[in-house]
Structure formats: structure tokens, C-alpha cells
Amino acid sequence: MSHWNTLLQTALVGTARQPVPAAEGMAGEFGGLLQAIQAGEAQGQLLRAAGAVAIGRRAGFVAPGLPPSDAPVATADEHPVLNDPALQAAVADALASGPLRLQHEGLAAITAAGLRLPHNLLPTALDAGRRAIDLRPAVIPALGERGLWLAARNDDWRYAAGASEQADAQTRWDEGSLEQRRAVLAEQRRNDPAAARERLAAELPQLPAKERAALLGALAGNIGPDDEALLDAQLKDRARDVRQAAVELLQRLPASAHVQRIEAFLAPLLSQEGGSWQLKAPEAADPRWKDDAIDAARPTHESLGERAWWLYQLVRQVPLAWWTTHTGMTPAALLEWAAKSDWKDALLRGWNEAVLAVPDVDWCDAMLDRPRSQRAWIGQLLALLPRERRERHWASELGESGNGVQEVVAYADQACAPGETPSAEFSLKLAAALRLRVERGDLVNDYVLRQVLGHAAALLHADALHLLADLPRTAEESPGLANALSDTARIVRARQLFSTLLLPLPISSSQGRP
Amino acid sequence: MSLSTEAVLALAPDDASAKAAKGLLAPAKWPTLGYSDDAVWGECQGSGSKPYQTQVDLTGPVFRCSCPSRKFPCKHGLALLLLRAQSDASFTAGTPPAWVAEWIASRREKAEKKEARAAEPAAAPDPAAAGKRDAQRWKRIEAGVQEFARWLDDQTQRGLASLGSEQQQAWGAMAARMVDAQAPGLGQRITQAAELIGVGEGWPARLLDRLGRLQLIVDAVARRESLSPATLADLRTALGWPQDREALLAEGERIGDHWLVLGQCTDERDAKLVERHVWLQGRASGRRALLLDYSHGGRGFETAWVSGSERPAVLCFYPGHASQRALVAELLADAPASSGPAPDTADEWQRMARQVAANPWQPLLPMVWAEAVPARHGDQWWLRLEAAPQALPMQLASQEAWQLMAHSGGAPLRVFGEWDGEQFAPLTAWALGAAAGSAPVWTLAGVRT
């Protein structure tokens with residue numbers, strides 16, 4: 001045992017019970033010193049010896065050995081780093097204090113310009129992606145090789161720690177994160193749908209439920225009758241999420257056996273009596289339903305009655321077009337008819353889910369033209385419409401005098417995915433309406449307007465930004481108001497900077513641009 | 001001199017100031033922005049009708065602003081340098097306007113006066129009176145230390161294993177007793193030792209190490225008559241005996257050199273007291289120096305140092321063996337650059353051993369590792385040294401550690417930091433083979449608590 005350890009043992013037990021140990025086997029000057037201490041004053045003897053040894057240990061410190069590192073050195077990256085100091089600062093600021101749309105725009109601009117994030121921003125960007133799933137598709141391509149290397153070292157960043165982005169599709173499929181595998185599948189689906197389907201079919205049996213459902217969703221691109229067999233088999237999956245994903249995909253195939261079966265269940269319930277259509281709910285559960293992912297057992301907390309529950313499940317699985325062809329009514333007429341039906345709740349809920357599963361623009365329009373229901377639902381519907389058709393609804397909500405500007409910005413915020421914006425023309429209208437309200441002094445008392453202003457600064461088309469720049473400031477601003485205005489200015493300035501990254505290109509790569 | 005965004009943000013007295021400064025970056029807010037060789041200035045439109053006049057003397061950098069903020073530097077000063085770093089083109093070169101020129105001139109004049117004053121022989125203090133004061137202080141310290149020695153012996157008789165959190169109060173009282181006995185350095189060491197009790201695996205060994213070194217101070221006080229002047233000076237420093245600044249500037253060892261700022265850190269000591277370490281290395285002398293400053297109430301520090309930059313100055317070192325702590329005696333406006341940078345020491349371990357041998361009570365030692373790789377192993381951060389399998393346990397907040405990892409990418413960096421005998425705290429990192437005086441890729445940010 002080393003002398004230090006014998007000293008430590010005595011120190012732990014106490015010198016009252018154990019004498020100060022002699023320095024055995026210590027030769028030379030240091031041994032002499034310890035012996036002199038031993039022979040000297042009794043008070044403090046143990047600590048005196050410990051002090052001498054401690055100083056010696058300090059001076060002769062030997063760093064512990066570590067097993068050799070198994071981590072590779074990060075690969076060199078052919079993409080240059082974002083170097084401009086102002087842009088670096090704007091991206092750093094966006095990543096640190098948001099909003100998400102601004103973060104997305106900055107990252108997408110870096111990727112579109114063929115650049116990558118500077119090293120010091122990698123941890124912040126990876127953290128931002130950990131917090132917001134929507135941001136991940138923008139974070140990952142901006143990381144570069146260094147960022148992917150870093151992500152692989154930290155479990156919190158596993159979402160990005162797939163195979164290298166430069167690697168070929170096969171490597172990304174074999175070793176990639178879920179996001180990356182989904183991207184590989186979606187990409188292959190565009191060029192060779194059959195090969196993508198076979199790739200997925202071979203993999204499905206080994207995957208956990210969450211990944212089965214997520215990857216199945218990638219079949220939506222280029223879906224065709226050839227996909228039916230695979231999807232039909234998933235109707236019997238153990239996991240409800242997977243069955244639901246399969247049902248939604250099969251609705252895109254009106255000729256599929258599954259859709260035909262559901263239509264056959266539903267058709268006898270709908271009959272014409274005295275010139276008008278009458279709907280009945282099923283009287284009893286049909287044992288064949290379970291092959292089509294219909295639950296006969298009503299969930300405990302379900303608000304629908306048992307028969308309505310059955311009806312609703314049939315309705316949500318039938319393509320919406322079946323109703324118009326079968327009854328000869330327009331979507332608007334059908335909605336009017338349903339409102340008077342005994343089974344109104346089951347019908348509307350089924351249709352709402354059907355329209356989300358397979359967006360149908362005419363149905364969306366008709367639903368939006370109905371007297372307004374829940375705001376959140378309107379936002380979801382608007383998100384399904386192509387931009388021109390959305391903006392018709394927004395324009396009517398906005399009104400001639402621009403009174404509805406707060407609501408419309410909120411809808412547009414919900415409808416536009418990160419990276420999308422309203423059209424330049426409509427953005428100009430919204431920005432002008434907002435600027436008018438700010439110049440009128442409405443910000444002083446309208447706390448909601450303060451938030452809307454920030455959202456609009458991040459959301460609207462870049463061509464409208466100049467209307468939100470240099471908003472009037474006064475000396476008597478409250479701290480809250482000053483904050484709202486400087487946040488808006490910060491966002492506008494950052495976006496104007498980001499757009500300079502895209503200048504040399506005639507067409508920007510961000511999806512929201514015309 | 002031109003500073004990077006990170007270097008400017010590192011000058012901010014707190015996060016709120018940095019954030020506020022970032023909000024002032026629209027060039028539209030600055031009707032005038034100008035620069036000359038040694039100054040940057042601008043007028044910033046605030047909420048009032050008259051814009052604030054903000055200026056920075058680049059020889060510091062030293063800030064001045066007409067705003068009423070008590071923060072130093074204020075958000076306007078920081079924003080001005082951020083703008084300079086980020087949008088060069090917004091500034092016009094020219095002769096400084098009167099409000100800038102006058103300030104710069106008055107600063108130069110003050111500096112000259114100070115030099116002239118320093119050249120005058122200081123009024124000789126009354127040696128008899130000083131000697132009497134010293135003797136009184138030694139008497140108090142000796143009485144306190146004797147009591148402390150008995151107390152220490154008591155602890156070891158009962159054994160360290162019997163210690164627990166309930167002893168904290170008694171240790172705190174002993175620390176306070178040492179402050180009363182005019183030995184605040186002992187008080188601080190006792191407090192630090194008390195914090196080790198029961199914390200983490202192997203705490204008794206760490207505690208024994210501290211207590212052993214405390215015993216050596218106790219013994220040295222008793223033997224003070226037989227100590228050499230340098231050892232006596234080290235002992236006085238360890239006891240926390242304040243150094244008379246004027247006397248030090250008059251008598252201390254002076255070294256003029258181009259000083260490379262190896263790194264710096266700020267630590268929160270008490271609620272409102274912030275301690276700053278700035279580590280320098282002389283290009284020609286190879287000498288390493290520590291500038292230790294304190295700031296109260298978030299006011300920040302008057303002179304800012306930029307890690308990785310070099311500055312000609314005369315430093316005045318505290319007395320003692322292998323003394324590290326120094327004061328700036330004189331900042332030289334411009335001196336001819338000497339040839340070649342001081343090479344990294346061949347063996348930091350040798351340097352460390354010599355430092356410990358010369359003065360066993362120095363709490364922190366600076367270390368430069370020419371090729372080191374930060375790594376995560378187990379649940380601890382490590383700095384792998386050169387090609388050896390050896391590594392130093394690294395003390396670093398995880399956010400900072402990931403930044404350092406991002407810069408390394410698994411490849412070596414040149415890393416500077418503080419070694420406390422147990423843990424290495426990195427402060428600065430350069431790319432491998434970066435030229436002397438080049439900007440580091442990473443510096444420790446923020447105030448450590």
C-alpha cells in the first residue's frame with residue numbers, strides 16, 4: 001500500500017485510535033523529511049506528513065490512462081462553412097431565440113446556398129432540432145459532416161445521427177435515422193415506386209410499430225393499384241396506428257377490395273325515400289368488419305353511441321367521392337343534408353377525417369363555406385387547400401377594411417408549413433393592414449396584436465417585409481411594447497439577411513416562393 | 001484591431017446586456033458610424049430625442065457612452081463593436097468628431113500623467129509605523145493559527161470518517177474565526193475544504209490533501225522568522241494578506257514583453273462579486289502571468305482583454321517564488337514586434353512540477369497543450385493528451401464541452417486552461433498550427449457559478 005493510502009486510513013479512523021504510520025521503504029531526501037516529521041512535534045503530525053506527501057503527489061501527478069478512442073475523426077466536408085459574420089450572428093440569434101419559422105428559414109437558406117453551419121452553432125442547432133420535430137428536416141442537411149459526427153456522440157441528438165448525408169441511398173437506408181430512411185423511401189417512390197414498395201415490404205416485419213406506421217406513410221407518393229396487396233395485409237397489423245395508416249392509404253385507391261367492401265357495407269344503409277336520401281346506422285356489428293380494421297367495441301369514453309360509432313368508422317373509410325357519385329349531390333348539398341340528419345355527428349366526424357386522410361379540394365371549400373365552427377378545425381382545412389384556393393377564404397375573412405387581419409395571420413400561420421409563405425400579393429395586403437393598425441397606435445392596448453405582429457414578420461412573403469421594417473417608435477413605449485417592436489425588427493432584419501444568401505439564384509429553393 | 005462577434009459578446013457584463021446589444025444592430029438605428037485607427041464611434045437613436053454618443057478606444061478596448069446605464073460596457077458600446085464586426089461597410093473612415101477626439105486626448109493625457117507620477121519618487125512611507133502594523137497583524141494571525149492548529153489536530157484525532165454535513169456549521173465558524181484573525185486566505189481554504197465533506201466518491205482523500213496543505217501553512221506561520229523573503233511573500237499571499245498596490249508598482253519585478261492573452265474566465269464568488277482571471281504569456285520571456293480582478297454588482301471590468309490577441313505591456317509581478325500574479329504597470333501604445341512567438345513548452349508536466357516545488361500554495365496552474373483532443377468517456381469529459389493514452393479529467397459545463405467537441409471533430413486542438421491539481425478547466429482552444437496571435441476557435445463563455 002502506498003504511504004498516502006496508509007496515511008489516509010489513519011486519518012479516517014483517527015489518530016486517537018491508530019498511531020501515525022511510519023514512512024517505510026522511503027529513501028532519499030523525501031524519506032528523510034518524513035522521518036524528521038515523525039520524530040518532531042506530535043500535534044499535527046499526521047497532517048504534516050499528509051501535506052508533504054500531497055505536495056509530492058501534486059508535483060508528480062501522472063494523468064490516468066484512457067482506453068484508446070473508438071470514435072472516428074470527422075470526415076472533411078466539401079461544402080464551405082457559412083462565413084459571413086452578420087449572417088452567422090443572425091442564424092445564431094434565430095437558433096437561440098426563435099421563432100421556429102425563422103430558424104427554418106435560416107437553415108434552409110444555408111443549405112440552398114450550398115453551405116453548412118459553422119462549428120460553433122452545431123450544438124445549438126442540434127438542440128433546436130431535438131426540441132422541435134418540424135425543424136429536423138431543415139437542421140439535418142445544414143449540419144455538414146462535422147455536425148453529423150457530433151450528433152453521433154450525443155444520445156440527445158440521435159435523430160440526426162444517421163449515416164452521412166453524402167452517403168448513397170443504400171447506406172442511408174441501412175444505417176440512417178428514421179427521418180433519413182423515410183426520406184430515402186420517399187425519394188425512391190418518385191422514380192421507382194415498385195422498388196420502394198419492395199424495399200419497405202422486406203423491412204416491415206422487423207420494425208417496431210412506430211416505425212412501421214411512419215414508413216408506411218411514405219407510400220402515399222405515387223400510390224397505385226400495385227400497392228394494394230401490401231396495404232391490405234397491414235389492415236390486420238397488431239398496432240392500431242399501422243392499421244389506421246393502411247386504411248388512410250387505401251382510401252386513395254377507390255377500386256381496392258377494401259374500399260369496395262366498405263362501400264358494400266355502407267350502401268344498404270343509404271336509401272332514397274320520397275325523393276330524399278335517408279341514412280340509417282348499422283343495427284348490429286358485422287363479424288366481417290374486423291378484416292377491414294373496424295372496431296365493433298365502442299371505446300369507454302366515446303361520445304358517440306354504439307350505432308353511431310359503427311357508422312362513423314364506415315364513413316371515414318369511404319372515399320368522399322363515393323358520396324357525390326352515389327347521391328348525385330354536391331359536397332355543399334351533402335353538408336346541408338347531413339346537418340339535418342339524425343346521424344349528423346357521425347357523418348361530419350367521418351367526413352372530416354376522410355378529408356384529412358385524402359385531401360379533396362371541393363369538399364374543403366364546401367366545409368369552409370359553412371357557418372364557422374371551431375377555429376382550429378378551419379386552420380386544418382385551410383392547410384389542405386392549394387394556396388390560391390386558401391387565399392380566397394382568407395381574403396373574405398380579412399375584409400375590405402382589413403379588420404380580420406389577426407385571425408387571418410393566425411390561420412396562415414397554421415396553414416403554411418415552415419418554409420412556406422402566403423403569396424407575395426396577399427402578404428402585401430396583410431402587411432399593409434398590420435402596418436395601418438400599428439400606425440394607428442393599436443399596439444398600445446392590443447396585446448394580441450403584438451404577438452400577431454411577430455408571427456407575421458416570420459411568416460409573410462419576403463416581398464412584403466419592407467412594410468414591417470422601420471415601424472414607428474415612440475419615447476413612451478412600455479417595456480412590453482418595446483419588446484414586441486424590437487422582436488419584429490430583429491426578425492425582419494434576419495430574414496432580409498437570409499434572403500441575400502439566395503440572391504445569385506434566379507429561383508429560390510424554398511417551397512413557399514412563387 | 002478588429003474583434004469577432006464572439007470576442008465582443010465575451011466582453012458583455014451579463015447575458016441581458018448581450019441580448020439588448022443584439023437588438024440594436026439595425027444600421028438604421030445609427031445615424032452616424034465612424035472609425036479611425038484607434039477609435040470607433042457612433043450615435044445611437046434611443047427612445048429620447050437626442051441620440052446617445054457611444055465610443056470605444058480600441059487600445060483598450062475601453063468604452064464610453066452618454067447613456068445613463070450603470071452596466072459597463074453598456075449595450076450601445078457592445079452593439080457598436082458588434083456592428084463593426086458584422087457590417088464593416090456601414091462605417092465611414094475619418095477624423096474623430098470633437099466628442100470623440102476630446103475623450104481620446106484626455107485618456108492619453110491621463111496615461112501620461114500617471115507615468116509621470118510613477119516616475120516621481122513615492123513619498124517614503126514611515127518604515128517604523130509600517131513595521132508596527134505588520135507586527136500587530138502577525139500577532140493576530142499567530143493567535144488565530146494556534147487555535148486553528150489545535151482544532152485541526154482535534155479533527156484528525158477523531159478521524160475524518162466521523163465527519164458529516166452536521167459539521168458544516170462548525171467548519172464555517174472556524175473559517176469566520178480565521179477572517180477575524182486577519183487570515184482570510186485560511187478562511188477561504190477552510191470553506192472550500194468543508195464543501196468537500198461527503199461529496200462524491202473518494203472525498204476523504206481530497207479532504208486529507210487540503211488539510212495537509214493547510215497544516216503546512218500553519219507550520220510556516222510558526223517558522224516565519226526563518227523563511228526567505230520570497231517564501232515569506234508566498235506565505236503572506238496564502239494567508240490572504242493584501243498586497244499594497246502602490247508599493248508593488250514601485251518595487252515589484254517588472255517585465256516588458258508582447259503578452260499573448262492565453263485565456264480568461266469569470267467566476268461568480270458571492271452574489272454580487274465577480275472574479276476575473278486573465279492569463280498572459282510573454283512572447284520573448286515565455287513567462288506566464290495571471291491578472292486577477294474583481295467587479296461588484298455586474299458592472300463589468302474597465303479593461304477588456306481579447307483571448308488570442310497580443311498586446312505590448314509592462315507587467316509588475318507580485319513577490320514570491322515563481323510568482324504568477326501580476327499587475328499591469330503600463331500598457332504600451334505601440335512597440336516593435338519581437339521576432340517569433342514563444343514556442344509551446346516542451347513539457348508542461350516539468351513546468352507544473354517546478355511551479356509546485358517553488359510555491360506549494362498556488363491554487364491554479366496554467367497549462368497549454370499543443371495537441372489535445374476533448375472526449376467524452378464514461379459520464380465524464382476528458383482531454384486526451386497528444387498521442388499518449390493519458391487524459392486529464394476536464395471540468396466544463398456540458399453546453400461548452402459540446403462546443404469544444406464540435407470544433408475538434410475528434411482531431412487535436414491547441415488547448416489552454418487552468419489545472420487545480422485534480423481537474424483541468426479549458427478556457428481557450430486554437431486550431432492546430434494556428435499562428436501566434438490568431439483568433440481562437442473557441443473560448444469559454446459566460447460567468448461560471
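The values are calculated or read from the model by the stated rules, or taken from the named source; none is laboratory data. All figures in this text were calculated on a predicted structure; none of them were measured in a lab. All Cβ positions, glycine included, derive from the backbone under ideal geometry; neighbour counts span all protein chains shown.
So in segment A:138-163, with the set limited to residues that are within 10 Å of chain B (Cβ to nearest Cβ) and outside any helix (DSSP H, G or I), which one is nearest to the chain's Cα centre (by Cα)?
A:154
What number of residues in segment A:243-288 are crowded, with 17+ Cβ neighbours inside 10 Å and under 25 Å from residue A:212 (Cα atoms)?
The qualifying residues number 15.
Mind listing whichever residues of segment A:122-159 are over 18 Å from residue A:79 (Cβ atoms), of a type in the set (Gly, Ala, Ser) and crowded, with 24+ Cβ neighbours inside 10 Å? Lay out the reasoning, then the answer.
Here is the first cut: in segment A:122-159, the ones over 18 Å from residue A:79 (Cβ atoms) are A:123-124, A:127-136, A:152-159.
Of the ones still in play, those that are also of a type in the set (Gly, Ala, Ser) are A:128-129, A:132, A:152.
A:129 - this is the single residue of segment A:122-159 that is over 18 Å from residue A:79 (Cβ atoms), of a type in the set (Gly, Ala, Ser) and crowded, with 24+ Cβ neighbours inside 10 Å.
Return yes or no: is residue A:57 basic (Lys, Arg) and more than 7 Å from every other protein chain (Cβ to nearest Cβ)?
Values: basic (Lys, Arg): yes; more than 7 Å from every other protein chain (Cβ to nearest Cβ): yes.
Yes; evaluated as a whole, the condition is true for this residue.
Give me a count of the residues in segment A:50-72 that are over 13 Å from residue B:152 (Cβ atoms) and part of a helix (DSSP H, G or I).
Taking segment A:50-72 as the starting set, the residues that turn out to be over 13 Å from residue B:152 (Cβ atoms) are A:52-72.
From what is left, the residues that are part of a helix (DSSP H, G or I) are A:52-59.
Final tally of qualifying residues: 8.
In segment A:8-23, what count of residues is obtained for those that are more than 7 Å from every other protein chain (Cβ to nearest Cβ) and either touching a helix residue (DSSP H, G or I) at 6+ places or on another chain (Cβ under 8 Å) or buried (at least 19 other Cβ atoms within 10 Å of the Cβ) (or both)?
Of the residues in that region, 7 qualify.
List pairs: first in segment B:350-365 and within 20 Å of residue B:232 (Cα to Cα) and more than 10 Å from chain A (Cβ to nearest Cβ), second assigned to a loop (DSSP other than H, G, I, E, B) and charged (D, E, K, R), Cβ under 8 Å, 6+ apart or cross-chain?
B:363/B:420; B:364/B:420
Taking the stated definitions as given, is residue A:41 facing chain B (nearest Cβ under 10 Å), outside any helix (DSSP H, G or I) and over 30 Å from residue B:385 (Cα atoms)? So that I can check it myself, show each step before the final result.
Values: facing chain B (nearest Cβ under 10 Å): yes; outside any helix (DSSP H, G or I): yes; over 30 Å from residue B:385 (Cα atoms): yes.
Judged against the criteria, residue A:41 is a match.
Given B:220, B:205, B:247, which one is small (Gly, Ala, Ser), within 30 Å of residue B:133 (Cα to Cα), in a helix (DSSP H, G or I) and at pLDDT 90 or above?
Details: B:205 fails: within 30 Å of residue B:133 (Cα to Cα); B:247 fails: at pLDDT 90 or above.
Within the list B:220, B:205, B:247, the selection yields B:220.
Among A:492, A:444, A:408, which is under 25 Å from the mean Cα position of the chain (by Cα) and over 28 Å from residue A:110 (Cβ atoms)?
A:408
Answer with yes or no whether residue B:370 is of a type in the set (A, V, I, L, M, F, W, C), out of contact with any helix residue (DSSP H, G or I) (no Cβ under 8 Å at 6 or more places or on another chain) and surrounded by 18 or more Cβ atoms within 10 Å (Cβ to Cβ).
For residue B:370, the condition - of a type in the set (A, V, I, L, M, F, W, C), out of contact with any helix residue (DSSP H, G or I) (no Cβ under 8 Å at 6 or more places or on another chain) and surrounded by 18 or more Cβ atoms within 10 Å (Cβ to Cβ) - is met.
Taking segment A:225-267, which residues are under 21 Å from residue A:204 (Cα atoms) and among the β-branched types (Val, Ile, Thr)?
Result: A:242, A:247.
Considering segment B:233-269 alone, what residues qualify as being touching a strand residue (DSSP E or B) at 6+ places or on another chain (Cβ under 8 Å) and closer than 28 Å to residue B:223 by Cα? Spell out how you get there, then give the answer.
Narrowing segment B:233-269 to residues touching a strand residue (DSSP E or B) at 6+ places or on another chain (Cβ under 8 Å): B:237, B:245, B:248-249, B:252-269.
Listed by number, the residues that qualify are B:237, B:245, B:248, B:252, B:253.
Scanning segment A:96-121 for residues that are within 13 Å of chain B (Cβ to nearest Cβ) and part of a helix (DSSP H, G or I), which turns out surrounded by the most Cβ atoms within 10 Å (Cβ to Cβ)?
It comes out as A:121.
Select, from B:257, B:267, the only residue that is surrounded by fewer than 20 Cβ atoms within 10 Å (Cβ to Cβ), at pLDDT below 95 and among the charged types (D, E, K, R). So that I can check it myself, show each step before the final result.
Values: B:257 fails: surrounded by fewer than 20 Cβ atoms within 10 Å (Cβ to Cβ).
Testing whether each residue is surrounded by fewer than 20 Cβ atoms within 10 Å (Cβ to Cβ), at pLDDT below 95 and among the charged types (D, E, K, R) leaves just B:267.
For segment B:400-429, enumerate the residues that are charged (D, E, K, R) and in a loop (DSSP other than H, G, I, E, B). Outline the logic, then answer.
To start, the set of residues in segment B:400-429 that are charged (D, E, K, R) comprises B:400, B:414, B:418, B:420, B:422.
The answer is B:420, B:422.
Output the residues belonging to segment B:217-244 that are over 14 Å from residue B:141 (Cα atoms) and either touching a residue at least 24 places away in the same chain (Cβ under 8 Å) or basic (Lys, Arg) (or both).
B:229, B:230, B:231, B:233, B:234, B:243
Matching residues to (1) more than 7 Å from every other protein chain (Cβ to nearest Cβ); (2) in contact (Cβ under 8 Å) with a residue 40 or more places away in the chain; (3) surrounded by 23 or more Cβ atoms within 10 Å (Cβ to Cβ):
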position	(1), (2), (3)
B:376	no, no, no
B:401	yes, no, no
B:416	yes, yes, yes
B:445	yes, yes, no
B:448	yes, yes, no
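Working carefully through the options A:188, A:180, find the one that is assigned to a helix (DSSP H, G or I) and touching a residue at least 40 places away in the same chain (Cβ under 8 Å).
Values: A:188 fails: touching a residue at least 40 places away in the same chain (Cβ under 8 Å).
After ruling out the rest, the residue left standing is A:180.
Just need a number here: residues in segment B:52-79 that are hydrophobic (A, V, I, L, M, F, W, C) and over 13 Å from residue B:12 (Cβ atoms). Full working, then the answer.
Keep residues of segment B:52-79 that are hydrophobic (A, V, I, L, M, F, W, C), which gives B:56, B:58, B:62-63, B:65, B:67, B:72, B:74, B:78-79.
Cutting the leftovers down to over 13 Å from residue B:12 (Cβ atoms) gives us B:56, B:58, B:62, B:65, B:67.
Looking only at that region, the number is 5.
Among the helices (runs of 4 or more DSSP H) contained in segment B:1-86, which hold 3 or more residues that are of a type in the set (D, E, K, R) and modelled with pLDDT under 85? Even if it seems obvious, please write down each step before you answer.
Details: elements: B:5-9, B:15-22, B:75-86.
Per the criteria, B:15-22.
Give the residue, chosen from A:456, A:469, A:482, that is modelled with pLDDT of 85 or more and closer than 19 Å to residue A:415 by Cα.
Numbers: A:469 fails: closer than 19 Å to residue A:415 by Cα; A:482 fails: closer than 19 Å to residue A:415 by Cα.
After ruling out the rest, the residue left standing is A:456.
Any chance you could count how many residues in segment B:173-204 are in contact with a Ser or Thr (Cβ under 8 Å, 6 or more places away or on another chain) and over 22 Å from residue B:420 (Cβ atoms)? Break it down stepwise before answering.
Going residue by residue through segment B:173-204, those that are in contact with a Ser or Thr (Cβ under 8 Å, 6 or more places away or on another chain) are B:175, B:185, B:197-198.
Of the ones still in play, those that are also over 22 Å from residue B:420 (Cβ atoms) are none.
Looking only at that region, the number is 0.
Hey, residue A:313 hits all of (1) surrounded by fewer than 18 Cβ atoms within 10 Å (Cβ to Cβ); (2) closer than 15 Å to residue A:244 by Cα but one; which does it fall short on?
Only one criterion in (1) surrounded by fewer than 18 Cβ atoms within 10 Å (Cβ to Cβ); (2) closer than 15 Å to residue A:244 by Cα is unmet by residue A:313, namely (1).
In segment B:186-204, how many are away from chain A (no Cβ under 14 Å) and surrounded by fewer than 19 Cβ atoms within 10 Å (Cβ to Cβ)?
Residues in segment B:186-204 being away from chain A (no Cβ under 14 Å) and surrounded by fewer than 19 Cβ atoms within 10 Å (Cβ to Cβ): 6 in total.
Inside segment B:389-399, can you point out the residues that are surrounded by fewer than 22 Cβ atoms within 10 Å (Cβ to Cβ), assigned to a strand (DSSP E or B) and facing another protein chain (nearest Cβ under 7 Å)?
Within segment B:389-399, B:390 is the sole residue that qualifies.
Just to verify a result, which residue in segment B:1-28, among those that are away from chain A (no Cβ under 12 Å) and surrounded by 18 or more Cβ atoms within 10 Å (Cβ to Cβ), is farthest from residue B:73 (Cα to Cα)? Before you say what the answer is, go through the steps one by one.
Here is the first cut: in segment B:1-28, the ones away from chain A (no Cβ under 12 Å) are B:1, B:10-14, B:16-17.
Imposing the further condition that a residue be surrounded by 18 or more Cβ atoms within 10 Å (Cβ to Cβ) reduces the set to B:10-13, B:17.
Details: B:10: 11, B:11: 8, B:12: 7, B:13: 7, B:17: 9 Å.
Looking at residues that are away from chain A (no Cβ under 12 Å) and surrounded by 18 or more Cβ atoms within 10 Å (Cβ to Cβ), I get B:10.
Could you look through segment A:77-95, keep only residues that are charged (D, E, K, R) and at the interface with another protein chain (Cβ under 9 Å from one of its Cβ atoms), and pick out the one that is nearest to residue A:137 (Cα to Cα)? Show your work before the answer.
Residues of segment A:77-95 that are charged (D, E, K, R), as a first pass: A:77-78, A:84, A:93.
Okay, now just the ones that are also at the interface with another protein chain (Cβ under 9 Å from one of its Cβ atoms), so A:84, A:93.
Working: A:84: 23, A:93: 20 Å.
Filtering segment A:77-95 for residues that are charged (D, E, K, R) and at the interface with another protein chain (Cβ under 9 Å from one of its Cβ atoms), the one nearest to residue A:137 (Cα to Cα) comes out as A:93.
Yes/no per residue for (1) hydroxyl-bearing (Ser, Thr, Tyr); (2) more than 24 Å from residue B:290 (Cα to Cα):
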| residue | (1), (2) |
| --- | --- |
| B:366 | no, no |
| B:375 | no, yes |
| B:379 | no, yes |
| B:386 | no, yes |
| B:389 | no, yes |
| B:392 | no, no |
| B:398 | yes, yes |
| B:403 | no, yes |
| B:407 | no, yes |
